[in-house]
1. Which of (1) more than 20 Å from residue 44 (Cα to Cα); (2) touching a residue at least 40 places away in the same chain (Cβ under 8 Å) is the odd one out, the single condition residue 139 does not satisfy?
2. Which members of the stretch 59-72 meet the condition of being more than 23 Å from residue 92 (Cβ to Cβ) and surrounded by 12 or more Cβ atoms within 10 Å (Cβ to Cβ)?
3. Could you list, in sequence order, all residues of the stretch 116-162 that are among the hydroxyl-bearing types (Ser, Thr, Tyr) and within 22 Å of residue 106 (Cα to Cα)?
4. Among the residues of the stretch 18-58, which ones are among the hydrophobic types (A, V, I, L, M, F, W, C), surrounded by fewer than 16 Cβ atoms within 10 Å (Cβ to Cβ) and in a loop (DSSP other than H, G, I, E, B)?
5. Could you pull out the residue among 101, 97 that is in contact (Cβ under 8 Å) with a residue 12 or more places away in the chain, more than 23 Å from residue 17 (Cα to Cα) and surrounded by 15 or more Cβ atoms within 10 Å (Cβ to Cβ)?
6. Go through the stretch 107-162 and give me each residue that's surrounded by fewer than 17 Cβ atoms within 10 Å (Cβ to Cβ), touching a helix residue (DSSP H, G or I) at 6+ places or on another chain (Cβ under 7 Å) and more than 19 Å from residue 20 (Cα to Cα).
7. Yes or no: residue 80 exposed (fewer than 15 other Cβ atoms within 10 Å of the Cβ) and either of a type in the set (D, E, K, R) or on the phi > 0 side of the Ramachandran plot (or both)?
8. Give just the number: which of (1) under 14 Å from the mean Cα position of the chain (by Cα); (2) without any contact (Cβ under 8 Å) to a residue 40 or more places away in the chain; (3) within 18 Å of residue 143 (Cα to Cα) does residue 63 not satisfy?
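The values are calculated or read from the model by the stated rules, or taken from the named source; none is laboratory data. Here the structure is a predicted model, which is why all the values come from computation and not from measurement. Cβ coordinates were reconstructed from backbone atoms using ideal geometry, including for glycine residues, and neighbour counts include every protein chain displayed.
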Amino acid sequence: MTNPDLVPAELRELRSRPLFVMNVAVGAIHVTGGPVGAERRVSDLTGGTFSGDRLSGKILPGGTDWQTIREDGTALLDARVTLATDDGALIAMSYAGIRHGPADILARIGRGEDVDPGSYYFRIVPGFTTSAPRYEWLNRIASIGIGHRRANGPVYSVFEIL
C-alpha cells in the first residue's frame, strides 16, 4: 500500500480542461488482414471539424487511422490528421487509442448503429506539433480524449491535462 503522505495533495487528482470536440469523417476502410489477434484495418480520414474555446477549424482530408483488431474485438488505434484552424494555422495531430466493449455493442457499432457511449470504452491520447506561434503551446501539453462512434465516424471530446 502506498503512503498518501508521499504525494502532495495537489497531485492526487487528475485535473483537466476542455480543449475541443472533434468530429472525424471516415471514408473507405481497407481490411488488410493479418494473423489472428492482430488483424489490420486502415481507415481513410476524409475530413471533419473541431471546435473549442481556444482553437477551432477543420480536419483536412488525407489522414489515416491504422487499427489493430485483437481477437477479443478490442481496437487499437494509431491515427494521424492535419488540423487547419479557422485563422489559417496548421497543426499535426496524432493519437493512439483503444476501443473495447461487449461483443453485441461492438457488432452494432460495426453496422453503423448509434449506441449509448457509456456502454463501451473508447479513449485516445493525442499529441500535437505546430510551428504556428499562436498555437505553439500545443507542443508542450499532454491530452486525453473520450470518444464515441457514429455511423460516419468518431466524435472525441479532447481535454488538456493540467
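1. Of the numbered conditions (1) more than 20 Å from residue 44 (Cα to Cα); (2) touching a residue at least 40 places away in the same chain (Cβ under 8 Å), the odd one out for residue 139 is (2).
2. 69, 70
3. Within the stretch 116-162, 119, 120, 121, 156, 157 qualify.
4. Selection gives 36, 38.
5. 101
6. 119
7. Yes.
8. Residue 63 satisfies all of (1) under 14 Å from the mean Cα position of the chain (by Cα); (2) without any contact (Cβ under 8 Å) to a residue 40 or more places away in the chain; (3) within 18 Å of residue 143 (Cα to Cα) except (3).
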